[in-house]
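Read the figures in this text as sums done on the coordinates, not as results from a lab. Because the structure is a prediction, the values reported are computed rather than measured. Ideal geometry is used to build each Cβ from the backbone, glycine not excepted, and the neighbour counts take in all protein chains shown.
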Protein chains: 2
Amino acid sequence: MMRLGQLIGLKKENLEKYKKYHSEIWPEITSMISECNIRNYSIYHFNGLLFAYMEYVGEDFEADMAKMAADPKTQEWWDIMKPLQEPVDGRKDGEWWTDMEEVFHQE
Amino acid sequence: MMRLGQLIGLKKENLEKYKKYHSEIWPEITSMISECNIRNYSIYHFNGLLFAYMEYVGEDFEADMAKMAADPKTQEWWDIMKPLQEPVDGRKDGEWWTDMEEVFHQE
């Protein structure tokens with residue numbers, strides 16, 4: 001199992017909209033997340049920052065992420081989410097959410 | 001089970017020291033964390049920000065956190081960690097790590 005921590009900004013005026021969408025997330029999105037082997041997925045907010053924690057239980061992360069990215073309904077969801085967000089400075093080329101470095105883990 | 005997401009700053013010049021301490025964390029600290037019913041505890045870093053994710057499996061979170069805070073070895077550990085960190089603006093009175101708001105969760 002692989003753990004991931006990711007960071008992105010959220011424009012402050014969009015917080016309520018972002019929360020509302022996620023409280024009524026489309027079933028096709030949650031299904032695709034599960035199908036792509038993501039588990040125990042949480043998103044936290046504080047003061048314009050979003051942090052995501054998730055666990056990957058599949059065998060081919062790249063392939064699963066490519067599958068998710070190719071899904072039309074997921075693309076439609078991202079097209080609504082992306083304008084609400086603001087990727088952080090210093091992220092790698094091609095990143096939207098930025099992968100953070102795990103500096104500690106205890107079971 | 002209760003999930004927590006917490007945020008704090010890390011002074012950039014202290015990153016390597018912080019990582020080194022956590023890679024060689026004292027056994028008394030990990031024992032106390034477990035004893036206080038914290039599980040699946042991860043800390044992530046990006047660009048001077050630390051994000052902590054953990055799960056609480058006990059029955060009395062306040063009491064367990066008070067027990068941890070009263071432990072002399074934990075106090076000793078915190079006395080080393082705190083000067084490396086920088087609490088974020090906008091945190092609540094009395095917070096060191098800031099509790100974030102969970103805006104999404106999917107099992």
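Quick notes on this one:
- All positions within the stretch A:75-96 that are closer than 17 Å to A:K19 by Cα and within 13 Å of chain B (Cβ to nearest Cβ): A:W77, A:M81, A:L84, A:Q85
- Residues satisfying the stated conditions in the stretch B:1-17, i.e. more than 9 Å from chain A (Cβ to nearest Cβ) and more than 13 Å from the chain's Cα centre (by Cα): B:M1, B:M2, B:K11, B:K12, B:E13, B:N14, B:E16, B:K17
- Residue count, the stretch A:18-74 (criterion: free of Cβ contacts under 8 Å to residues at least 40 places away in the same chain, more than 7 Å from every other protein chain (Cβ to nearest Cβ), assigned to a helix (DSSP H, G or I) and not hydrophobic (A, V, I, L, M, F, W, C)): 10
- Within the stretch B:67-80, the set of residues being under 19 Å from B:S34 (Cα atoms) and hydrophobic (A, V, I, L, M, F, W, C) comprises B:M68, B:A69, B:A70, B:W77, B:W78.
- Out of B:G9, B:G5, sole residue that is outside any helix (DSSP H, G or I), in contact (Cβ under 8 Å) with a residue 60 or more places away in the chain and surrounded by 17 or more Cβ atoms within 10 Å (Cβ to Cβ): B:G5
- For the stretch A:33-65, the candidate set comprises residues that are among the aromatic types (F, W, Y) and more than 13 Å from A:G5 (Cα to Cα); within that set, the residue that is surrounded by the most Cβ atoms within 10 Å (Cβ to Cβ) is A:F46.
- Residues that are more than 13 Å from the chain's Cα centre (by Cα) and not polar (S, T, N, Q) within the stretch B:26-48 comprise B:W26, B:P27, B:E28, B:E35, B:F46, B:G48, listed in sequence order.
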